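Colleague: Pasting in a structure now, in structure tokens, and then I'll have a few things to ask.
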Amino acid sequence: MRAPLPSALFRLAVAVVRFLPAELDAFAAQAGPRPLGQAEKEALLQCHLFCGFPRTIAALDHLRGAGIQAERPGASSPAGSPAAGGELFDRIYGDRADVVRRHLRSLDPDLADLVAGHAYGTVLSRGGLDARDRELLAVVMLAATGHDRQLASHARGAIRCGAEPHEVTAALDAVEDLVSAARMERARVVAARF
């Protein structure tokens, strides 16, 4: 069994999507002034899918002010690709992948293309974090933002990508104090189904 992600990574992701300066400061104080590790950087880059670029940029600015640098000289993760993104989408959504694709296309074809090309083909299929870890991060970010429908999809996706149900619960436990009690209660109900 592989080692779980550190709870600090889940807390960092929620601190970004909710923009919690005190929690960002706590991360920086614990980490000390240094460049981000590869998993930390990938988690931060993934955040923009759940909270937008402005909030992600604000969090990175805040961390830089605390001595944390996003860029490590000579270090970068392998780029994602449309093919890898499509395979990841299929893995996360399982036998409902085509239903989800049709739903996105029915909402707006350009949105469907952005989700496929950018979210999955560029961001989520990058190296630096495996699919299991990216899905666990998605679970805590969706719990923090109250998107229960997507939380259900990604809790199920975390399991499909190799997480155990207790790991989904542990990820939620790690951020419980950063999420409103009502949202956390709903998130636990959703996650308990998988």
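The values are calculated or read from the model by the stated rules, or taken from the named source; none is laboratory data. Predicted model only: the values in this text are computed from it and were never measured. Every residue, glycine among them, receives a Cβ derived from its backbone with ideal geometry; neighbour counts consider all protein chains shown. For accessibility, only protein heavy atoms count, side chains too; no ligands or nucleic acids. Shrake-Rupley method; radii C 1.70, N 1.55, O 1.52, S 1.80 Å.
Colleague: Semi-axes of the chain's equivalent ellipsoid from the Cα gyration tensor, sqrt of 5 times each eigenvalue, largest first, rounded to whole Å?
Modeller: 25, 20, 16
Colleague: In the chain, once you exclude exposed trypsin sites (Lys or Arg not before Pro) (DSSP loop, at most 12 other Cβ within 10 angstrom), what's the longest stretch remaining?
Modeller: Free of exposed loop sites, the longest segment is 3-192.
Colleague: Taking the simple approach of a point 7 Å from Cα along Cα-to-Cβ for both Ser106 and Ser81, what is their distance in nm?
Modeller: The modelled label-to-label distance comes out at 3.3 nm.
Colleague: Using alpha carbons only, how many degrees (0 to 90, rounded to 10) separate the axis of helix 38-51 from the longest principal axis of the chain?
Modeller: 60
Colleague: On a full-extension model of 0.36 nm per residue, what is the gain between Asp61 and Arg188, subtracting their alpha-carbon distance, rounded to one decimal in nm?
Modeller: That works out to 42.5 nm of additional length.
Colleague: What residues have an amide H closer than 5 Å to that of Gln69, excluding those fewer than 5 places away on the same chain, when H is modeled at 1.01 Å from N in the peptide plane?
Modeller: Counting only residues 5 or more places away or on other chains, the set is Arg34, Leu36.
Colleague: Could you work out the relative contact order of the stretch 47-194? I mean the mean sequence separation of Cα pairs under 8 Å and 6+ apart, divided by the number of residues, in percent.
Modeller: Relative contact order, the stretch 47-194: 23 percent.
Colleague: Pick from Glu40, Glu135, Glu71 the residue whose mean-square fluctuation is largest in a GNM of the chain, springs joining Cα atoms under 10 Å.
Modeller: Evaluated over the chain, the most mobile residue of the options is Glu71.
Colleague: Report, in degrees rounded to the nearest 10, the 0 to 90 angle that the Cα long axis of helix 21-31 makes with the longest principal axis of the chain.
Modeller: Computed tilt is about 70 degrees.
Colleague: Calculate how steeply helix 181-192 sits against the longest principal axis of the alpha-carbon atoms of the chain, using the helix alpha-carbon long axis, and give the answer as 0 to 90 degrees to the nearest 10.
Modeller: 50
Colleague: Rounded to the nearest 500 deg cm²/dmol, what is the calculated helix-only ellipticity per residue at 222 nm for the chain, with -39500 (n - 2.57) per DSSP H run of length n ≥ 4?
Modeller: -20500 deg cm²/dmol
Colleague: A further question on this structure: Using a cut-off of 13 Å between beta-carbons, work out the net charge of the residues near Ala116 (Lys and Arg +1, Asp and Glu -1, Ala116 not included).
Modeller: -3
Colleague: Something else: Projecting each Cα onto the charge dipole of the chain (Lys/Arg +1, Asp/Glu -1 at the beta carbon, about the Cα centre), which of Pro21, Pro35, Thr145 comes out farthest on the positive side?
Modeller: It is Thr145, whose Cα lies furthest towards the positive end.
Colleague: Using a cut-off of under 18 Å, list every residue of the stretch 106-128 whose amide N is near the label point 7 Å from the Cα of Arg91 along the Cα-to-beta-carbon line.
Modeller: Zone members listed by number: 116-128.
Colleague: Quick one: pull the percent of accessible area on the stretch 21-151 belonging to carbon and sulfur, 1.4 Å probe, ligands and nucleic acids left out.
Modeller: Taking all protein chains in place, the stretch 21-151 shows 57 percent carbon and sulfur surface.
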